[in-house]
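FYI, it's all coordinate maths here, none of it is from the lab. Remember, it's a predicted structure, so these values are computed and weren't measured experimentally. As a convention, Cβ positions derive from the backbone with ideal geometry for all residues, glycine included, and neighbour counts pool all protein chains shown.
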Amino acid sequence: MKNKIIAGNWKMNNNRVQAEALITELIPLVSETKNTVIICVPFTDLCKAVKLTKGTNIHVGAQNCHWKESGAYTGEIAPSMLTELGVEYVVIGHSERRSYFGETDETVLLRTKAALAAGLKPIVCIGETLDERNSGNMEKVLSRQILDGFKDITADELKNIIVAYEPVWAIGTGVTATDEQANDAIAYVRSVFASKYGKTAADKLYIQYGGSMNDKNAEGLLNMPQIDGGLIGGASLVAAKFAAVVNAKK
Ligand code: PEP
């Protein structure tokens with residue numbers, strides 16, 4: 001099994017004072033891990049997060065970026081504005097952005113391409129809603145999100161991408177996919193990538209699970225063979241809980 005990549009998604013939480021307290025508490029708790037640790041923080045916390053994590057094993061990510069380099073796009077942030085701060089990762093196509101802010105597979109692709117061109121490593125989120133799962137359309141939805149959302153992504157570019165499989169019904173709901181449900185869905189996701197990029201590339205691709213993952217259920221999920229890590233929302237806001245996820249699989 002690969003080492004795991006564990007990313008915290010703080011969403012719209014933590015001002016600069018709270019961010020400093022959380023990061024300061026987190027640093028010693030995750031310093032021994034062999035896993036990759038990433039915290040994806042609000043734009044306003046990025047400078048502080050980069051400064052505080054310098055020289056530690058914690059990497060910093062943003063939660064979105066635009067696809068243009070500059071221009072009349074009020075409220076948006078260009079990928080190069082992130083890299084110049086020392087940001088390494090960026091979450092793209094989170095289900096909250098898809099449902100509240102009109103993100104589509106097409107805009108996911110544009111943002112991913114631009115992020116890669118700027119040298120960021122995108123964490124691209126995909127996942128089905130409960131209705132889609134219950135109506136037997138999970139595979140169709142995942143396959144569409146991959147084939148459209150990765151349409152122009154080359155095999156070389158894929159090496160710098162992390163995929164997060166996040167069933168929408170499990171995000172922020174306290175309902176976690178069972179270890180088997182998460183593993184099976186990720187096996188399916190990997191098979192779609194294999195059909196596009198070949199088995200070797202698909203096997204190397206890091207595919208995280210996300211959706212109410214926490215200190216209690218992380219060990220089971222992270223021990224499943226298909227699950228290469230986690231994207232953690234709520235539990236990443238508490239240093240001890242996030243550290244327990246990071247340290248759940250040695
Ligand atoms: C997320 O924000 O990507 C997420 C998985 O949230 P939560 O862990 O709170 O379900």
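Structure data summary
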{"quantity": "The chain, helix-only ellipticity at 222 nm - DSSP H runs n ≥ 4, -39,500 (n - 2.57), divided by all residues, nearest 500", "calculated": "-12000 deg cm²/dmol"}
{"quantity": "Unit charges at the beta carbon, dipole of the stretch 105-224: most positive-side option, A155, A218, T107", "calculated": "A155"}
{"quantity": "Sorted peptide list for 113-121, 224-232, criterion being average Cβ within 10 angstrom, highest first", "calculated": "224-232, 113-121"}
{"quantity": "The stretch 1-91 shape via C-alpha gyration tensor axes, a/c threshold 1.5", "calculated": "prolate"}
{"quantity": "Positive-end extreme of charge dipole, the stretch 1-96 - chosen from I6, V17, V91 (charges on Cβ)", "calculated": "I6"}
{"quantity": "Given K113/K151; K51/K113; K34/K199, the pairs whose alpha carbons are separated by over 19 Å", "calculated": "K51/K113; K34/K199"}
{"quantity": "Estimated distance in nm for a label pair at E219 and K140, the labels positioned 7 Å out from Cα along Cα-to-Cβ", "calculated": "4.1"}
{"quantity": "Interchain or long-range residues, amide H under 5 Å from G8's placed H", "calculated": "I38, I39, C40, I232"}
{"quantity": "Full-extension gain in nm, M1 to E84, via 0.36 nm per residue minus C-alpha separation", "calculated": "26.5 nm"}
{"quantity": "Simple Cβ-charge dipole of the stretch 1-151, Lys/Arg +1 and Asp/Glu -1, about Cα centre, in debye nearest 20", "calculated": "320"}
{"quantity": "Convex hull volume per residue for the stretch 119-180, taking Cα atoms only, in Å³", "calculated": "104"}
{"quantity": "The stretch 148-193: Rg to Rh, with Rh as the Kirkwood radius over Cα pairs", "calculated": "1.05"}
{"quantity": "The stretch 136-214 pair-distance distribution - Cα-Cα, 5 Å bins, rounded %", "calculated": "3, 15, 26, 26, 16, 10, 4, 0"}
{"quantity": "Longest site-free stretch - the chain; sites: chymotrypsin sites (Phe, Trp or Tyr not before Pro), DSSP loop, at most 14 other Cβ within 10 Å", "calculated": "102-250"}
{"quantity": "Alpha-carbon spread of the stretch 72-127, three principal axes, descending order, Å", "calculated": "29, 25, 16"}
{"quantity": "Reduced Cα scattering model of the chain, Debye log10 I(q)/I(0), q = 0.12, 0.14 Å⁻¹", "calculated": "-0.63, -0.88"}
{"quantity": "Percentage relative contact order, the stretch 104-250, counting C-alpha pairs under 8 Å, at least six apart", "calculated": "22"}
